């Protein structure tokens, strides 16, 4: 057997909502994670199955770990995957299952009172603050709207309030954060949910080990839809 075939199956996850909503899926597969990443400082978590381990990485890094084969599988939001598209090895990622977890939507939002529709219709060049640069660029290009994109990594809601940007492109779940800061969602770009991603080389060389996990995730996604 090769070194790859002998190594444990590695699943890349990020802390927070995705991890929490993935746990029941793992439990359905008989996989129990040894520690809670919110309280543990460990980045590699063992499970009750010695040939399966979890690595905890930043959400935006999950596709990179899977793309380069450092993880066999990962779970990442569609927003992350859109931004990652066109990576160094774009064919290395296989996205077989939409798990229908961590659902939200990617939206355009402005401060209350800003006439977004009028600005678009008049052909104004808008300043858009976002960390979802690829998705925002594609969206506005498809609409024929000229924009200047300002990349931010956090506190997105602040940008329209202090004049840094006319609008933001960000994830919206309940909308509470927007309302608390005097912003309103004015346009939906796309629905977001989290998908299982698999390294193609791992799938080819380690199919016997990986397939049972794929089957469990597939069943879970179908139950969610039902």
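Quick notes on this structure:
- A single member of 102, 119, 88 is modelled with pLDDT of 90 or more and either within 30 Å of residue 71 (Cβ to Cβ) or part of a strand (DSSP E or B) (or both), and it is 102.
- Scanning segment 44-73 for residues that are more than 25 Å from residue 192 (Cβ to Cβ) and outside any loop (DSSP other than H, G, I, E, B) yields 44, 45, 46, 47, 52, 53.
So that you can scan it fast, the table gives a plain yes or no per residue for (1) within 30 Å of residue 155 (Cα to Cα); (2) in a strand (DSSP E or B); (3) at pLDDT 90 or above; (4) touching a helix residue (DSSP H, G or I) at 6+ places or on another chain (Cβ under 6 Å):
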{"residue": "177", "(1), (2), (3), (4)": "yes, no, yes, no"}
{"residue": "184", "(1), (2), (3), (4)": "yes, yes, yes, no"}
{"residue": "188", "(1), (2), (3), (4)": "yes, yes, yes, no"}
{"residue": "194", "(1), (2), (3), (4)": "yes, yes, yes, yes"}
{"residue": "204", "(1), (2), (3), (4)": "no, no, yes, no"}
{"residue": "212", "(1), (2), (3), (4)": "no, no, no, no"}
{"residue": "216", "(1), (2), (3), (4)": "no, no, no, yes"}
{"residue": "223", "(1), (2), (3), (4)": "no, no, no, no"}
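- Every pair of residues 6+ apart whose Cβ atoms lie under 9 Å, when the first sits in segment 93-113 and is free of Cβ contacts under 8 Å to residues at least 40 places away in the same chain while the second is surrounded by fewer than 19 Cβ atoms within 10 Å (Cβ to Cβ) and not in a strand (DSSP E or B): 113/182
- The residues of segment 155-190 that are within 19 Å of the chain's Cα centre (by Cα) and free of Cβ contacts under 8 Å to residues at least 12 places away in the same chain, listed by number, are 155, 174, 175.
- Boolean, residue 165 is surrounded by 15 or more Cβ atoms within 10 Å (Cβ to Cβ) and part of a helix (DSSP H, G or I): no
- Residue within segment 131-148 that is touching a strand residue (DSSP E or B) at 6+ places or on another chain (Cβ under 8 Å), within 17 Å of residue 79 (Cα to Cα) and not in a helix (DSSP H, G or I) present: yes
The values are calculated or read from the model by the stated rules, or taken from the named source; none is laboratory data. A quick note: this is a predicted structure, and the numbers were derived from the prediction, not measured. Here Cβ is always computed from backbone atoms with ideal geometry, including for glycine, and neighbour counts include all displayed protein chains.
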